[in-house]
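Chemist: Please find one structure pasted underneath; my questions will follow.
The values are calculated or read from the model by the stated rules, or taken from the named source; none is laboratory data. These figures come from a predicted structure and were not determined experimentally. Note: ideal-geometry Cβ built from the backbone for every residue, glycine included; neighbour counts use all protein chains shown.
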Amino acid sequence: MLRLVSFVLAIVLLLLPAAGRAHDLPGEILVSGFFDARKDRPELVLRVPLVLLTNVNLAKRGPGYLDLAKLDDGMARAERAVTSAFAIASADRILTPVEVQSRISQPSERTFGTLESAAEAIMGPPLPAESNIFWNQGFFDIRLQYPAVGVAARYALRMDLPQGLTDRILISISIVGEDGALNVLDIDGSVEEIALDPAWYQSGFLFLTKGVEHILIGTDHLLFLLCLILPLYRDLRRLLGVVTAFTLGHSATLVPAALGFAPSASWFLPLVEMLIAVSILYMAIENALGLGSRFRWRLAFGFGLVHGFGFASTLTDVVQFAGSHLVISLMFFNVGIEIGQVLLLAVAVPFLASIFRTPGMERAGILVISVLTGHQALHWATERAAEIRLETGFGTDLFIVLTWIGLAIAAALVIWWLGGKTRNQKKATLR
């Protein structure tokens, strides 16, 4: 009997979590909508999945269908909940809606294709009372109109969402511009406030910080800059010339690429990333061999063109926040990158000068750093070459060709270095 009771308890405990999971929220919850400030009254239209309104306790019937005939009080509670969770602010002041309309929609309804069709559906007749909509499978559509603030008013969306759901909620808001064009903002629930029509200085500051952040946390770009700095940290004049050439190079490709003037094929970005790794590997080999090329500024410019495409690829999810100031924002992003480079130089040059106090230590240190950097770059290059192979559909031939090209470059540099050493020895012997 004891064994039987234990077995039954085990089955019950096993089933309890499964029953609890039946009411779990889905892994990703999308809230979509439109914002239009062109009219006398700014307008926000949202489609909120009913699963987010579980705590509102909408009236139900049968196995869990909404009781559409008894939703008056529930709809008012839902309107207050959504208005509190998604608020419109202007000049740091929360705006109070002057008109609110809402409606329950079927999961299959596709009325949110445009602002006009969404607003028309919300203001249309409600669903028949006998409609069967399960409590967590439909939508709560709401239209909020706000008082006019002024011609030059700036608006922001402030969100106050449950902390446990911020990583599951995605918000997609289409901002209607003066010409009727849409600028879509896709953000997650962790964002507390976002400008819906940012001024140039707001988007510019955002992109400036993104540029500084990217150069300081972008490991591959940092390693490339370190390779540029290593042999020149005592010659600030040449160092500034090389860094300036790199800046001109990546500036020449960053802005056009971010504006869409770059190949959109799936293989392009892996190719850029692989070439960035190759650029690090090449510079590391040069440093390890102590070549000290007089034309390093040309290499820096050429590799800068490649790195510019890499910088632009990081803006894919950020461009949406530029609003109507995309070109200006990209300029600020570029300035942010330069600030990041200056910060790196300000730290790296004195640091290298302090640890490489003697010529012997300097040469050994540069060799060790170059070998470690080159080793990491080689791993990146091979991994990214494999990605290109997958994207292009080629077999192992492409990878083999790229490997032999890299080995040929390395061999050529070694032969050049050995030849230079031999010539120097002959000159010394003749003297």
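Chemist: Within the range 320-343, track down each residue that is surrounded by 18 or more Cβ atoms within 10 Å (Cβ to Cβ) and among the β-branched types (Val, Ile, Thr).
Modeler: 337
Chemist: Kindly provide the set of residues from the range 329-384 that are touching a Phe, Trp or Tyr at 6+ places or on another chain (Cβ under 9 Å) and of a type in the set (D, E, K, R), ordered by number.
Modeler: Passing the criteria: 362, 363.
Chemist: Could you please find all residues in the range 349-377 being buried (at least 18 other Cβ atoms within 10 Å of the Cβ) and either hydrophobic (A, V, I, L, M, F, W, C) or within 24 Å of the chain's Cα centre (by Cα) (or both)?
Modeler: Correct list: 352, 356, 366, 369, 377.
Table: residues versus (1) closer than 30 Å to residue 157 by Cα; (2) modelled with pLDDT of 85 or more.
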site: 332; (1), (2): yes, yes
site: 335; (1), (2): yes, yes
site: 344; (1), (2): no, yes
site: 347; (1), (2): no, yes
site: 351; (1), (2): no, yes
site: 354; (1), (2): no, yes
site: 407; (1), (2): no, no
site: 415; (1), (2): no, no
site: 428; (1), (2): no, no
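Chemist: On the basis of being among the hydrophobic types (A, V, I, L, M, F, W, C) and either outside the structural domain of residue 39 (by TED's automatic domain parsing) or under 29 Å from the mean Cα position of the chain (by Cα) (or both), does residue 127 make the cut?
Modeler: no
Chemist: Test residue 159 against the criterion of being aliphatic (A, V, I, L, M) and over 34 Å from the mean Cα position of the chain (by Cα), and give yes or no.
Modeler: For residue 159, the condition - aliphatic (A, V, I, L, M) and over 34 Å from the mean Cα position of the chain (by Cα) - is not met.
Chemist: I would also like to ask the following. Within the set of pairs 6+ apart or on separate chains, which have a first residue in the range 226-247 that is of a type in the set (D, E, K, R), a second that is part of a helix (DSSP H, G or I), and C-beta atoms under 6 Å apart?
Modeler: Close Cβ pairs (under 6 Å, with a partner that is part of a helix (DSSP H, G or I)) amount to 238/232.
Chemist: In addition: Quick one: residue 211 ticks every box in (1) outside the structural domain of residue 88 (by TED's automatic domain parsing); (2) small (Gly, Ala, Ser); (3) free of Cβ contacts under 8 Å to residues at least 24 places away in the same chain except a single one, so which number is it?
Modeler: Unmet condition: (3).
Chemist: So, residue 308, is that one within 23 Å of the chain's Cα centre (by Cα), of a type outside the set (A, V, I, L, M, F, W, C) and over 30 Å from residue 194 (Cβ atoms) or not? Give the steps one after another, and end with the answer.
Modeler: Values: within 23 Å of the chain's Cα centre (by Cα): yes; of a type outside the set (A, V, I, L, M, F, W, C): yes; over 30 Å from residue 194 (Cβ atoms): no.
No; evaluated as a whole, the condition is false for this residue.
Chemist: Check the range 282-290 and report whether any residue there is among the charged types (D, E, K, R) and surrounded by 19 or more Cβ atoms within 10 Å (Cβ to Cβ).
Modeler: Yes, some residue in the range 282-290 is among the charged types (D, E, K, R) and surrounded by 19 or more Cβ atoms within 10 Å (Cβ to Cβ).
Chemist: Oh, and also: Mind listing just one residue for me: the one in the range 38-75 that is part of a helix (DSSP H, G or I) and of a type in the set (A, V, I, L, M) and, of those, surrounded by the most Cβ atoms within 10 Å (Cβ to Cβ)?
Modeler: 52
Chemist: List pairs: first in the range 143-160 and among the polar types (S, T, N, Q) and surrounded by 13 or more Cβ atoms within 10 Å (Cβ to Cβ), second modelled with pLDDT of 90 or more and in a loop (DSSP other than H, G, I, E, B), Cβ under 6 Å, 6+ apart or cross-chain?
Modeler: Close Cβ pairs satisfying both conditions: 145/98.
Chemist: Could you list all residues from the range 248-266 that are part of a helix (DSSP H, G or I) and touching a residue at least 60 places away in the same chain (Cβ under 8 Å)?
Modeler: Of everything in the range 248-266, those that are part of a helix (DSSP H, G or I) and touching a residue at least 60 places away in the same chain (Cβ under 8 Å) turn out to be 250, 251, 254, 255, 258.
Chemist: Return yes when residue 261 is crowded, with 22+ Cβ neighbours inside 10 Å and not charged (D, E, K, R) and no when it is not. Talk me through it step by step, then tell me what you get.
Modeler: On the way: crowded, with 22+ Cβ neighbours inside 10 Å: no; not charged (D, E, K, R): yes.
For residue 261, the condition - crowded, with 22+ Cβ neighbours inside 10 Å and not charged (D, E, K, R) - is not met.
Chemist: Quick check on the range 76-94. Is at least one of its residues in contact (Cβ under 8 Å) with a residue 40 or more places away in the chain, within 28 Å of residue 131 (Cα to Cα) and surrounded by fewer than 16 Cβ atoms within 10 Å (Cβ to Cβ)?
Modeler: No, because not a single residue in the range 76-94 is in contact (Cβ under 8 Å) with a residue 40 or more places away in the chain, within 28 Å of residue 131 (Cα to Cα) and surrounded by fewer than 16 Cβ atoms within 10 Å (Cβ to Cβ).
Chemist: Starting from residues that are touching an Asp or Glu at 6+ places or on another chain (Cβ under 8 Å) and among the aliphatic types (A, V, I, L, M), keep the ones in the range 160-172 and report whichever is nearest to residue 50 (Cα to Cα).
Modeler: 169
Chemist: Which residue, of 140, 112, is of a type in the set (Phe, Trp, Tyr) and either part of a helix (DSSP H, G or I) or out of contact with any strand residue (DSSP E or B) (no Cβ under 9 Å at 6 or more places or on another chain) (or both)?
Modeler: Answer to the selection: 112.
Chemist: Taking residue 71, is it among the hydrophobic types (A, V, I, L, M, F, W, C), without any contact (Cβ under 8 Å) to a residue 40 or more places away in the chain and either more than 23 Å from residue 189 (Cα to Cα) or not assigned by TED's automatic domain parsing to the domain that holds residue 105 (or both)?
Modeler: Yes, satisfied.
Chemist: Conditions first: (1) closer than 13 Å to residue 229 by Cα; (2) outside any helix (DSSP H, G or I). Residue 347 passes all but one, so which condition is the exception?
Modeler: For residue 347, the failing item is (2).
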